[in-house]
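See below for the structure under consideration.
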Amino acid sequence: MEELDNQKYENRIKIIVAIFVTFTITFCGTILGYYKYLDKKGALIKSYESSEEISDRLDLVRTYIDYYYKGEINEEDLSEGAIKGYVEGLGDEYTEFLSKKDFEDLNAMLSQTVGIGAYLAELKNSSDVVIIGVVEDAPAEKAGLKSGDIIKEVNLENVSGKGSEYVATKLKNGPAGSTVKVKVLRDAEEIEYDIIREEVKYYKIKHKMLDNNIGYIDFDSFTETSYSEFKEAYEDLKANGATGLIIDLRDNTGGQVDQVLKIADLFIESGKTIFITEDKNGNRINNNSRTDKVIDMPVVVLVNDYTASASEILTGFLKDYNLATVVGIKTYGKGVIQNVYTNIFGEDSGVGLKITVAEYYTPKGNRVHHEGIEPDEVVEENDNSDEDNNQDTQLNRAIEILKK
């Protein structure tokens, strides 16, 4: 049994962005010019000398299976398993083969609003799944699940190592009123919960006025409506007297990059580089702002080691241009871009590939992948903190900065 250090807030869990909202990123957030660029090139299939050797080895393995294996053989499962293993051999956790069932499960999960109300991600260098947040008044919170809990079983099935997408599907696979049995690991103790699924409303962007005319905006991912919601939230705060702004990107695991570009546009004049992308051939593209500056007040950005991917683009941009003071702890460091290619075996085949196609850098050319972004001021998190009490050390520091 895996054990966690009891002082978990001193050795913070490092996660891979995978909150199930992040799945929307992968499928809806294909990156700007890259998608069009690759689409024009077309799908290039190369024949390598090694391919014949691989085929021979698979044929030999199949011979052994046919001769010795006592059991039923499913040809489709064998084929998909071989392809999955081949792609996994790249050693890139973000590149994967997506079977027809993978797509079906994903689509069902994204369209399903019934669940327990938990945000999930994967532990770094592992496919074990950790809870990084719970929705207020949703079943997970009411049952007692907490951030940092590692999900070990769902309905008595061992889900260790199966990834956040698989676990999210299992948690949501049932109608409202049905019960799901969940076992978690918390501080070296295994705890079981019986949780009744409900219709869950996941918040997108929250905003409110704090004391001292400080506006506060908090969102957990970049979705297709993030820009319009963010702009509306900012305008509402300003109309109500805000003279300073706190943007809370803690636990924000990423999202659609086109939304990041639009939000970043609000902070700077047209023509400035927001981030840089680089493909496998070393070709670099500057992704620039296109509209006039809108936000004209001091800004503080809150980050932690759950701040990943698209949220790191915004953080790096604001830091490089000194448009905001970044407060918290170093961000996760997910600085690569994926495209999804569907029906790769022919029309209606229903299978595809998610492939890492590029890496991104901050406007000053700083690498994000596996590096993360260091805050301007390092402030450790209090495990019992939230924005509604005075124990949130990071939020308190942000307020102090804006009060000056």
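The values are calculated or read from the model by the stated rules, or taken from the named source; none is laboratory data. Predicted model only: the values in this text are computed from it and were never measured. Glycine also receives a Cβ, built like all others from the backbone with ideal geometry; neighbour counts cover every protein chain displayed.
Taking first residues from the range 341-358 that are free of Cβ contacts under 8 Å to residues at least 24 places away in the same chain and partners that are among the hydroxyl-bearing types (Ser, Thr, Tyr), the Cβ contacts under 8 Å between residues at least 6 apart in sequence or on separate chains come to Asn343/Ser349.
Please work out if Glu374 is more than 18 Å from the chain's Cα centre (by Cα) and either under 25 Å from Val299 (Cα atoms) or in the same structural domain as Asp265 (by TED's automatic domain parsing) (or both). Taking the combined requirement at face value, the residue satisfies it.
Exactly one residue out of Thr223, Thr243 is at pLDDT below 95 and assigned by TED's automatic domain parsing to the domain that holds Gln259, and it is Thr223. Count of the range 258-280 residues, restricted to those that are among the acidic types (Asp, Glu) and out of contact with any Phe, Trp or Tyr (no Cβ under 9 Å at 6 or more places or on another chain), is 1. Is it the case that some residue within the range 266-275 is more than 16 Å from Gly333 (Cβ to Cβ), of a type in the set (Ser, Thr, Tyr) and in contact (Cβ under 8 Å) with a residue 60 or more places away in the chain? Among the residues of the range 266-275, at least one is more than 16 Å from Gly333 (Cβ to Cβ), of a type in the set (Ser, Thr, Tyr) and in contact (Cβ under 8 Å) with a residue 60 or more places away in the chain, which makes the answer yes. Inspect all residues belonging to the range 117-131 and state whether any of them is at pLDDT 90 or above and part of a loop (DSSP other than H, G, I, E, B). Yes, there is a match, as at least one residue in the range 117-131 is at pLDDT 90 or above and part of a loop (DSSP other than H, G, I, E, B). Just one of the listed residues (Ile196, Ile151) is farther than 27 Å from Ser309 by Cα, touching a strand residue (DSSP E or B) at 6+ places or on another chain (Cβ under 9 Å) and either of a type outside the set (Lys, Arg) or crowded, with 22+ Cβ neighbours inside 10 Å (or both), namely Ile196.
For the range 236-259, the count of residues that are among the acidic types (Asp, Glu), under 19 Å from the mean Cα position of the chain (by Cα) and under 30 Å from Asn382 (Cβ atoms) is at least one.
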